[in-house]
Amino acid sequence: MNFLITTKHYLKRFFTNPLEVALMTLLPAGIIFINILVFDNIANEAGADNMYNSYNLAATAITMMILFMFQLMSGVYAGQSIFVDLRQDRRWRLMAAPVPMSTYVFGAIAASMIFSLTTAALILGVSFFAFNIFLGNIAIVVVAVFLIALMSQFIGIIISFFAKSKGAIDGIVMAISFTMSAMVGGFLINIPVPQFIRENIIPTGVAFRAVGVYDPINTIAGYRMNDSLIAIGILIGMTFLLGIVTLVIARRRPF
Amino acid sequence: MIATMKNVVKRYGDFMALDHLDLDIKEGEILGLLGPNGAGKTTAIRALCGLIDVDRGDINVFGKRQSINNVDIKQDMGIVTQELTVFSDLSAQDNLKYFGSLYGLRGSQLMENVKRVLEFVELTEHAKKKPDKYSGGMKSRLNIGCALVHRPKLLIMDEPTVGIDPQSRNHILEAVKKIASEGTTVIYTSHYMEEVQAICNNIAIMDAGRVIAGGTIDELVGRIQHEDTIRLIAAMPSEALAEDIRAISGVKSVTMIGNEYVIISTTGSGNLNRIMEIAMRHGGVANISSDKPNLEDVFLTLTGKTLRDEGSGQ
């Protein structure tokens, strides 16, 4: 019961700041829209065709890129909550309550996950209806989004153990997200990375592989489910590893 | 006893924060924990609340052994932290609801307790506002309210009046008396003698991680009733003046605080006149008075320091 109470508490705090809500929903939608307009224009001038079987492949790739980039940023909420509540003076009051510390941590993670998955659903919904993106196997998309969001929570919490300020957590998580996005397809800048590393080691790249961004036509044709499942397996392994690292650090640097 | 601390030791590296501390808390009393900064008051109450582990010793609360993992004991305890630890992004009402729910309150019982506490701390009209819109006194009252919402049997208040205006301070002191009158045992830590004298039944004086004296105000002051406290403000203060005063027979100690000399002298020794003569030879007297001993004097006699001195501190 206390877990539900702490989750509800953190959700309430996340939604009290309308700027944060707008940042996680309207901003990605806006970026996707602008990128699609730009890319459509470039493709048309080059005489290329974005569409395949009525699906907009460019819009699909851009949506997934922005979606996973923002999901990878979502861990900032759990990280900042842990930092402010359990690493500063407020921890004395929270520790004085008859509630184990883990309840606060899991509550923050759960609330942050709900917040980020809600924004993911909004982004996908808007893109699906507005830009005719191809969702492929919706279960694979949901699992990939879930795992990237969960990975981000662990990253946010790990950073909160070492950060000196709330703003530092924000900066580091965003830097990680932007860098990984730049490594897998370019967001504003493109960091060239060998294909093997991009599709097997960089989390956003593995997520793209899972949802078929790198091979959209075969995805649409339905010939690449095994590849998707391998990518999902890699994401599960990465998430599990990050979870273990979080636990080890939490034990060594107790609240 | 509602709680006991026996032979408690807590170290932070080489620094001994609690040095074989013994402390007994009687049910229903307001116990004042008086001592300068760095005496170990906050460490003692954190250990009592099960917020930190100790290196040695026994801490029992409500007949059960206290530890960092003992969640049951915490159900009936409340803590008012020295720092403001409410959520600034939630209204006062939402703060109270959250803390009340952490202690198991639900539904109508929770709302009833929240309403009662808002009335008690006089924030009913401001219940829907966030603490960043509050004055310092209002924030302190909310800080206290969050510790009361679940009706604790044992309430620990760690210097709750630091940094607030005198009017709000008086309000808080009155609130503490009212809380105790309703049956809650209160431990009140402070380095302000006036606060402790105003509200506490029993006082434990701490210094360097241990209790150096304990009892009622009369019992503590009675330890030095054979001594007078003479306060001299010299026109030209100097160490040479202090040395000459120390040399007077019957003078037990001379402590300089700024340009004031606090002199402990044996009662009936007639030293007031001698001290005045010496001060005149050293440039004159701005003011001189002789007071009945108080808690500050008790502390000074026992430690050679004043309550406002910086302790070794962590």
>> One residue is enough: does the stretch B:254-263 have a residue meeting the conditions touching a His at 6+ places or on another chain (Cβ under 6 Å), surrounded by fewer than 19 Cβ atoms within 10 Å (Cβ to Cβ) and modelled with pLDDT under 85?
In response: no
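For (1) crowded, with 20+ Cβ neighbours inside 10 Å; (2) assigned to a helix (DSSP H, G or I); (3) not polar (S, T, N, Q), each residue gets a yes or a no:
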site: B:Met111; (1), (2), (3): no, yes, yes
site: B:Leu142; (1), (2), (3): yes, yes, yes
site: B:Arg151; (1), (2), (3): no, no, yes
site: B:Ile156; (1), (2), (3): yes, no, yes
>> Against the conditions (1) under 19 Å from B:Gln197 (Cβ atoms); (2) out of contact with any helix residue (DSSP H, G or I) (no Cβ under 6 Å at 6 or more places or on another chain); (3) part of a loop (DSSP other than H, G, I, E, B), where does B:Ser249 fall short? Just the number, please.
In response: (1)
>> Between a residue in the stretch B:74-88 that is within 15 Å of B:Tyr103 (Cα to Cα) and in the same structural domain as B:Lys41 (by TED's automatic domain parsing) and any residue that is in a loop (DSSP other than H, G, I, E, B) and small (Gly, Ala, Ser), which pairs come within a Cβ distance under 8 Å, given they are 6 or more apart or on different chains?
In response: B:Lys74/A:Ala97; B:Lys74/B:Gly50; B:Gln75/B:Gly104
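So is A:Ser81 of a type in the set (Ser, Thr, Tyr) and more than 12 Å from chain B (Cβ to nearest Cβ) or not? Give the steps one after another, and end with the answer.
Details: of a type in the set (Ser, Thr, Tyr): yes; more than 12 Å from chain B (Cβ to nearest Cβ): no.
In short, no.
For B:Leu90, state whether it is aliphatic (A, V, I, L, M), closer than 30 Å to B:Ser135 by Cβ and modelled with pLDDT of 95 or more. Walk me through how you get there before you give the answer.
Details: aliphatic (A, V, I, L, M): yes; closer than 30 Å to B:Ser135 by Cβ: yes; modelled with pLDDT of 95 or more: no.
Against the criterion (aliphatic (A, V, I, L, M), closer than 30 Å to B:Ser135 by Cβ and modelled with pLDDT of 95 or more), B:Leu90 does not qualify.
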> From the list B:Gly104, B:Gly63, B:Gly100, B:Gly57, which one is more than 7 Å from chain A (Cβ to nearest Cβ), within 19 Å of A:Tyr104 (Cβ to Cβ) and surrounded by fewer than 18 Cβ atoms within 10 Å (Cβ to Cβ)?
Replying inline: B:Gly104
> Out of (1) in contact with a helix residue (DSSP H, G or I) (Cβ under 8 Å, 6 or more places away or on another chain); (2) at the interface with chain A (Cβ under 9 Å from one of its Cβ atoms); (3) surrounded by fewer than 16 Cβ atoms within 10 Å (Cβ to Cβ), the odd one out for B:Gly78 is which?
Replying inline: (3)
> B:Glu122 passes all but one of (1) without any contact (Cβ under 8 Å) to a residue 60 or more places away in the chain; (2) part of a loop (DSSP other than H, G, I, E, B); (3) within 13 Å of chain A (Cβ to nearest Cβ); (4) of a type outside the set (Lys, Arg); which number fails?
Replying inline: (3)
> Of all residues in the stretch A:122-131, how many are surrounded by fewer than 16 Cβ atoms within 10 Å (Cβ to Cβ) and in contact with a helix residue (DSSP H, G or I) (Cβ under 7 Å, 6 or more places away or on another chain)?
Replying inline: 1
> Could you count how many residues in the stretch B:183-204 are more than 9 Å from the chain's Cα centre (by Cα) and outside any strand (DSSP E or B)?
Replying inline: 8
>> Tell me yes or no: at least one residue of the stretch A:53-72 is assigned to a loop (DSSP other than H, G, I, E, B), more than 15 Å from the chain's Cα centre (by Cα) and within 14 Å of another protein chain (Cβ to nearest Cβ).
In response: no
> Is one or more of the residues making up the stretch B:305-313 within 30 Å of B:Gly183 (Cα to Cα), surrounded by fewer than 21 Cβ atoms within 10 Å (Cβ to Cβ) and in contact with a Pro (Cβ under 7 Å, 6 or more places away or on another chain)?
Replying inline: no
> Which of the residues that make up the stretch A:84-121 are more than 14 Å from chain B (Cβ to nearest Cβ), in contact with a Ser or Thr (Cβ under 7 Å, 6 or more places away or on another chain) and buried (at least 24 other Cβ atoms within 10 Å of the Cβ)?
Replying inline: A:Ser112, A:Ser116
>> Suppose the filter is more than 16 Å from B:Asp94 (Cβ to Cβ), surrounded by 14 or more Cβ atoms within 10 Å (Cβ to Cβ) and away from every other protein chain (no Cβ under 14 Å); does B:Ala180 pass it?
In response: yes
>> If I ask for residues that are more than 12 Å from A:Thr219 (Cα to Cα) and not in a helix (DSSP H, G or I), which ones from the stretch A:131-148 would you list?
In response: A:Asn132, A:Ile133
> Within the group A:Ser127, A:Ser112, which residue is among the polar types (S, T, N, Q) and either modelled with pLDDT of 90 or more or in a loop (DSSP other than H, G, I, E, B) (or both)?
Replying inline: A:Ser112
> Listed residues B:Lys129, B:Lys153; which is assigned by TED's automatic domain parsing to the domain that holds B:Val71 and in contact with an Asp or Glu (Cβ under 6 Å, 6 or more places away or on another chain)?
Replying inline: B:Lys153
>> Can you confirm whether A:Leu67 is of a type outside the set (Phe, Trp, Tyr), surrounded by fewer than 24 Cβ atoms within 10 Å (Cβ to Cβ) and modelled with pLDDT of 85 or more?
In response: no
> What number goes with the only condition from (1) surrounded by 14 or more Cβ atoms within 10 Å (Cβ to Cβ); (2) in contact (Cβ under 8 Å) with a residue 12 or more places away in the chain that B:Arg46 does not pass?
Replying inline: (2)
> Can you name the residue in the stretch A:9-42 that is within 11 Å of another protein chain (Cβ to nearest Cβ) and loosely packed, with under 15 Cβ neighbours inside 10 Å and is also modelled with the lowest pLDDT among such residues?
Replying inline: A:Asn17
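Inside the stretch B:158-167, can you point out the residues that are more than 12 Å from chain A (Cβ to nearest Cβ) and either in contact with a strand residue (DSSP E or B) (Cβ under 9 Å, 6 or more places away or on another chain) or surrounded by 21 or more Cβ atoms within 10 Å (Cβ to Cβ) (or both)?
Hits for the stretch B:158-167 are B:Glu159, B:Pro160, B:Thr161, B:Val162.
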> What number of residues within the stretch B:3-42 are of a type outside the set (S, T, N, Q), within 12 Å of B:Ile59 (Cβ to Cβ) and more than 17 Å from the chain's Cα centre (by Cα)?
Replying inline: 6
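Based on what the data block shows, is B:Arg116 away from every other protein chain (no Cβ under 13 Å) and more than 30 Å from B:Asn37 (Cβ to Cβ)? Lay out the reasoning, then the answer.
Values: away from every other protein chain (no Cβ under 13 Å): yes; more than 30 Å from B:Asn37 (Cβ to Cβ): yes.
The answer is yes for B:Arg116.
The values are calculated or read from the model by the stated rules, or taken from the named source; none is laboratory data. Everything numeric here is computed off the predicted structure, so don't read it as measured data. Every residue, glycine as well, gets a Cβ built from its backbone with ideal geometry; the counts of neighbours run over all protein chains shown.
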